[in-house]
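Peer 1: Sharing a structure, written as structure tokens. Questions coming.
The values are calculated or read from the model by the stated rules, or taken from the named source; none is laboratory data. For clarity, every value in this text was computed on a predicted model and none was experimentally measured. Cβ placement follows ideal geometry from the backbone for every residue including glycine, while neighbour counts extend to all protein chains displayed.
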Amino acid sequence: MDRVMLDALHSGIHNRQPVSGLTHDFYRYPARFSPAFARAVINAFTAPGDVVLDPFMGGGTTLVEALASGRNAIGTDISSLARFIARAKLDTLSNLDLNAVQRWTHDLIPRLNLHRPAKRDTPWLPYQRNISDRMTWPLRKLIEFTLAEIPRLSTERRKRFARMMLLKTSQWALDCRSVIPTADRFREELLENLRALTLGTHTLRTAVSTATLRANGVRPRTLILTCQASELANHARARAMRPPALVLTSPPYPGVHVMYHRWQVLGRKETPAPFWIADSLDGNGLSHYTFGDRNRRDLAPYFRGIELGFRSVTHLATRDTVFVQMVAFSKPESQLHAYLDALSRAGLVEVTIPALTNADDKRVWRRVPNRKWYADQRGSIAASNEVVLFHRRR
């Protein structure tokens with residue numbers, strides 16, 4: 001790796017800029033990593049046409065950057081919400097599609113009238129928990145009105161874009177807020193997000209078109225799966241693609257509270273509303289997404305889950321595949337060793353890049369100022385230090 005590439009990789013790893021660009025800010029997915037980091041790693045370890053794999057894709061940052069740079073990508077996650085978000089962020093809608101959604105939205109706004117009776121969608125009532133009190137019911141009603149109008153759009157891609165716009169607006173209005181905005185502000189934000197999502201889609205579409213032209217008209221392919229990482233090696237569609245040149249991911253952090261599947265409303269009131277808006281069934285608890293409940297002192301199930309997940313991924317990889325992970329720990333002094341042992345049992349060997357590390361540590365650590373883990377941890381905690389790990393298959 002030449003000096004220019006090393007400098008770009010170092011800059012990407014330590015990038016502290018807010019997440020932005022392309023379609024990355026469509027949704028504020030918990031613990032997402034910097035697009036600059038993903039871009040630098042993809043450029044350093046792959047070439048156009050290679051396959052990039054993210055077995056814990058979350059909000060799809062790796063997939064978006066891979067697509068924009070002309071790489072094929074595979075992303076998988078156990079969450080149906082993650083699948084929806086990633087698919088929506090990867091849609092490169094045409095101007096015809098975007099114009100149709102714009103007309104639909106501008107027609108919708110005047111009819112988002114709280115005096116109208118709302119038709120309650122009975123099967124989804126459990127997903128409206130904690131957003132029906134005296135402060136939140138107006139927004140719940142606006143969400144109901146909007147969802148009822150989405151079937152008027154003629155294609156699934158347009159409907160997905162509209163749901164994504166509503167999801168982004170609803171997250172802004174409800175998640176981790178102590179003051180709920182008014183219905184008028186919600187309508188204004190919906191229009192702002194229409195413009196923001198349209199711009200992001202245009203930017204991604206231009207990047208993909210440029211990458212396709214450079215590849216003599218071959219458009220990069222992206223595969224999104226909803227399954228556990230441990231099931232990936234047995235998935236026929238994943239095996240049908242070429243082995244990945246790069247595995248780039250950020251798995252759940254051991255012992256760190258990150259709410260992947262709920263929003264927190266007015267303090268600690270949890271709601272599964274994002275699944276309702278995304279039309280994605282859930283019903284799973286936190287341990288489903290984190291390899292074990294955050295309140296458990298015994299992290300053995302977590303490390304077992306990491307081992308099984310990466311063991312499956314190694315079956316898709318070759319000895320030339322580079323594994324890059326960004327991970328944080330609640331107690332790094334003990335958990336990092338256990339984590340590395342799990343990767344070793346999965347068939348991976350840690351490698352170092354001396355030009356990136358400090359003299360007193362073989363690994364690359366990055367500081368995350370004011371890292372916020374929803375309602376209960378903030379600031380200078382152990383999880384504010386993230387480590388970037390490099391591995392290859394044994």
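Peer 1: Inspect all residues belonging to the stretch 197-215 and state whether any of them is within 30 Å of residue 243 (Cβ to Cβ), hydrophobic (A, V, I, L, M, F, W, C) and touching a strand residue (DSSP E or B) at 6+ places or on another chain (Cβ under 7 Å).
Peer 2: No: zero hits.
Peer 1: Follow-up question, since we're still on this one. Quick test of your reading of the structure: residue 104 fulfils all but one of (1) over 21 Å from residue 220 (Cβ atoms); (2) in contact (Cβ under 8 Å) with a residue 60 or more places away in the chain; (3) hydrophobic (A, V, I, L, M, F, W, C). Name the failing condition by number.
Peer 2: (2)
Peer 1: Given the conditions (1) without any contact (Cβ under 8 Å) to a residue 12 or more places away in the chain; (2) surrounded by 19 or more Cβ atoms within 10 Å (Cβ to Cβ), and given that residue 127 satisfies all but one, which numbered condition is not satisfied?
Peer 2: Unmet for residue 127, out of (1) without any contact (Cβ under 8 Å) to a residue 12 or more places away in the chain; (2) surrounded by 19 or more Cβ atoms within 10 Å (Cβ to Cβ): (1).
Peer 1: In the stretch 7-43, how many are aliphatic (A, V, I, L, M), more than 14 Å from residue 325 (Cα to Cα) and assigned to a helix (DSSP H, G or I)? Steps first, answer last, please.
Peer 2: Residues of the stretch 7-43 aliphatic (A, V, I, L, M): 8-9, 13, 19, 22, 31, 36, 38, 40-42.
Filter once more, so that each one left must be more than 14 Å from residue 325 (Cα to Cα): 8, 19, 22, 36.
Cutting the leftovers down to assigned to a helix (DSSP H, G or I) gives us 8, 36.
Residues meeting the conditions: 2.
Peer 1: Can you pull out the residues in the stretch 312-355 that are more than 26 Å from the chain's Cα centre (by Cα), surrounded by 14 or more Cβ atoms within 10 Å (Cβ to Cβ) and of a type in the set (A, V, I, L, M, F, W, C)?
Peer 2: Scanning the stretch 312-355 gives a single hit, 353.
Peer 1: Given the criterion at pLDDT below 95 and at negative phi, identify the matching residue among 151, 126. Quick ask: steps written out before the conclusion?
Peer 2: Numbers: 151 fails: at pLDDT below 95.
Testing whether each residue is at pLDDT below 95 and at negative phi leaves just 126.
Peer 1: Every residue in the stretch 170-193 that is without any contact (Cβ under 8 Å) to a residue 40 or more places away in the chain and within 17 Å of the chain's Cα centre (by Cα), please.
Peer 2: The one that is without any contact (Cβ under 8 Å) to a residue 40 or more places away in the chain and within 17 Å of the chain's Cα centre (by Cα): 172.
Peer 1: Quickly run through the stretch 80-136 and pick out the residues that are more than 24 Å from residue 155 (Cα to Cα), part of a helix (DSSP H, G or I) and not hydroxyl-bearing (Ser, Thr, Tyr).
Peer 2: 125, 126, 128
Peer 1: Can I ask one more? Looking at (1) surrounded by fewer than 16 Cβ atoms within 10 Å (Cβ to Cβ); (2) part of a loop (DSSP other than H, G, I, E, B), which one does residue 192 not meet, given that it meets all the others?
Peer 2: (2)
Peer 1: Please work out which residue is farthest from residue 313 (Cα to Cα), limiting yourself to the stretch 208-218 and to residues that are touching a Gly at 6+ places or on another chain (Cβ under 9 Å) and not polar (S, T, N, Q).
Peer 2: Of the stretch 208-218, the ones touching a Gly at 6+ places or on another chain (Cβ under 9 Å) are 208, 210-212, 214-215, 218.
Keeping just the survivors that are not polar (S, T, N, Q) gives 208, 211, 214-215, 218.
Details: 208: 27, 211: 27, 214: 30, 215: 27, 218: 26 Å.
So, considering only residues that are touching a Gly at 6+ places or on another chain (Cβ under 9 Å) and not polar (S, T, N, Q), the one farthest from residue 313 (Cα to Cα) is 214.
Peer 1: Go over the candidates 74, 78 one by one and state the one that is within 27 Å of residue 279 (Cβ to Cβ) and touching a Cys at 6+ places or on another chain (Cβ under 9 Å).
Peer 2: 78
Peer 1: While we're here: Are any residues in the stretch 21-30 surrounded by fewer than 22 Cβ atoms within 10 Å (Cβ to Cβ) and either small (Gly, Ala, Ser) or touching a Leu at 6+ places or on another chain (Cβ under 6 Å) (or both), and if so, which ones?
Peer 2: If the condition is that a residue be surrounded by fewer than 22 Cβ atoms within 10 Å (Cβ to Cβ) and either small (Gly, Ala, Ser) or touching a Leu at 6+ places or on another chain (Cβ under 6 Å) (or both), then 21 is the only one that fits.
Peer 1: When you go through (1) of a type outside the set (D, E, K, R); (2) over 26 Å from residue 94 (Cα atoms); (3) in contact with a helix residue (DSSP H, G or I) (Cβ under 9 Å, 6 or more places away or on another chain) one by one for residue 179, which number turns out not to apply?
Peer 2: Answer for residue 179: the failing condition is (3).
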